[in-house]
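The values are calculated or read from the model by the stated rules, or taken from the named source; none is laboratory data. This is a predicted model, so every value here is computed, not measured. So basically every Cβ, Gly included, is an ideal-geometry build from the backbone, and we count neighbours across all protein chains shown. Heads up: the accessible areas ignore ligands, DNA and RNA and are worked out on the full protein's heavy atoms, side chains in. Shrake-Rupley method; radii C 1.70, N 1.55, O 1.52, S 1.80 Å.
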Protein chains: 2
Amino acid sequence: MAMPDFSRPQPALPADDSDRLLRLRQLFPISGPDLTAWPRVPMPVLCTASILFTDLRGFTRLTERFAHDPAGLLEVLNAHLKKVLRSISICGGVVEKFVGDGVMATFGASGDEADHVGRAMAAAIGLIGANEALNRRSAADWGFRLDVGVGIASGDVVVGAVGSADRSELGVLGDAVNVAARLVTQAGPGEVLMTGTVYRAMEAMLQSELTSQSAVRGRSGRLEIYRMSLLGGRGDLA
Amino acid sequence: MAMPDFSRPQPALPADDSDRLLRLRQLFPISGPDLTAWPRVPMPVLCTASILFTDLRGFTRLTERFAHDPAGLLEVLNAHLKKVLRSISICGGVVEKFVGDGVMATFGASGDEADHVGRAMAAAIGLIGANEALNRRSAADWGFRLDVGVGIASGDVVVGAVGSADRSELGVLGDAVNVAARLVTQAGPGEVLMTGTVYRAMEAMLQSELTSQSAVRGRSGRLEIYRMSLLGGRGDLA
């Protein structure tokens, strides 16, 4: 394959945008820590944790609506994320990274092993409630609602440095991470999708107290899924 | 809902693991920069970029195989990621974050606008080739192969600070990000899945030079997808 002509300059961005982009990149350096001592980076740790993903439903449509107002888009998104971050933090979770319009958080993958399933569930319920309060306050002004879905899975994960000496992050790897990431894509507005492991750890508490709960058992592949609807519910699994 | 009993201590991790976990967390602090001056953070920037995702096929099975050897698992993963990072870096891309066993990289979202589609495609071809070289050298020792898939999409994205003053990252948001993330999940071993926009920008170059190319047109929803197989190919879109 002929190499593309990398030398061809295409200064597409206005100078002002270009300058702002540079300052944003400087504010958020992405190289990670200096790991020239990479061989001395601590070995990875295997631990049992709960993984929580959030995702805004219909955010792509919102992106189109704000196509010419990126600042307005991020203002709305950050108002939502602030609620999400706070709910997770209150319950002792760690926001590992932002994933598009949502986050990936872990409970029990930082040394605090106390009841990580309960903490994750409390964070999910808290963030859906806080987001609903945000809707009640702002949806009329905005002209639209922000609807959030949550996926939770529990299991063994590996916590360790991923990447190379030049560019690294702390990675959390394992089936529970993949499953929670898949669950969140199927969660409807105000819903928490969870694995059987998570559901059984929380079952008594959810059924006795959460009157709007409609946990439904389903299967996706070999995966046992329970759905909890906190905003009235959409019924069974699709 | 009764709050879970957060006070109940469950010191599940051996002291040695717990200490290592703490050191890993200290090495990779995740709060982001101090944004107490958040209102003065530069406004987000709208730019046209190419987004590349990589993903290892069958890594979940590998995770199970290494269930009791997390260090071995990360050693194999990092050998692969080193090739991926290097190929992206050579072509001028920025690795925004690690996503499970893969990465999300951008081309043209850091001020360097020159031919971002060509750069992304060159990085994809480069990393699949470098990974194949890694397989030739190590697969026999390992007892398994590492197979990588790539997804590429191009379009307008918003680059800006997401999160809150306490916890923030530089976010890259837009339809192209979502599409590329979806494409990579469908890419087979040694395959690059791309949108019509990406394909048409590269068409002449790919068809004339890449003899093992088998770009196939398909549709997933309203999305026009082209598939390029660099390792012999698996035929049409599923």
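Some observations on this one:
- Surface listing: A:Ile128, B:Ile30, B:Ile90 arranged by accessible area from highest to lowest gives B:Ile90, B:Ile30, A:Ile128, probe 1.4 Å.
- Accessible area that becomes buried as B packs against A, both chains, 1.4 Å probe, Å², nearest 100: 7400
- Ratio of the Cα radius of gyration of the range A:11-116 to 2.2 N^0.38 Å, where N counts its residues: 1.40
- Residue and distance for the chain B Cβ closest to the axis that moves B onto A, in whole Å, come to B:Lys97, 3.
- Solvent exposure of the range B:40-195 as accessible area per residue, Å², 1.4 Å probe: 32
- Sorted largest first, extent of the range B:112-211 alpha carbons per principal axis (Å): 49, 38, 25
- Descending semi-axes in whole angstrom, ellipsoid equivalent of the range B:32-188, from the Cα gyration tensor: 30, 19, 13
- Residue-averaged beta-carbon neighbours from other chains (10 angstrom radius) around B:168-176: 6
- Given their separation in residues at 0.36 nm each and the Cα-Cα distance between them, B:Ala15 and B:Ala139 gain 41.1 nm when the chain is fully extended.
- Relative contact order of the range A:71-117: 22 percent, from C-alpha pairs under 8 Å at least 6 residues apart in sequence.
- Inter-copy spacing of B:Arg23 label points, which lie 7 Å from Cα along Cα→Cβ, given in nm from shortest upward: 4.1
- Shielding of B:184-190 by partner chains, average beta-carbon count, 10 Å: 0
- Taking the label point 7 Å along Cα→Cβ, A:Met205 and its counterparts in the other copies are spaced 5.4 nm apart, in ascending order.
- In the range B:23-66, burial by the other protein chains removes 40 Å² or more of 1.4 Å probe accessible surface, compared with the chain on its own, from B:Leu24, B:Arg25, B:Leu27, B:Phe28, B:Ile30, B:Pro33, B:Pro42, B:Met43, B:Pro44, B:Val45, B:Leu46, B:Thr60.
- Spin-label pair A:Ala204-A:Arg40: with each label point 7 Å from Cα along the Cα-Cβ axis, the two points sit 4.9 nm from one another.
- Neighbouring Cβ atoms from other chains, within 10 Å of the Cβ of residues in A:69-75, number 6 on average.
- Centroid-to-centroid separation of the range B:15-57 and the range B:150-187 [C-alpha atoms, Å]: 14
- For the range B:82-153, averaging the sequence separation of C-alpha pairs within contact (under 8 Å, six or more residues apart) and dividing by the residue count gives a relative contact order of 29 percent.
- The fraction of accessible area contributed by carbon and sulfur in the range B:88-139 is 53 percent, rounded to a whole number (1.4 Å probe; ligands and nucleic acids excluded).
- Plainly put, the tip 7 Å out from Cα toward Cβ on A:Phe144 is 4.1 nm from that tip on each other copy, the closest given first.
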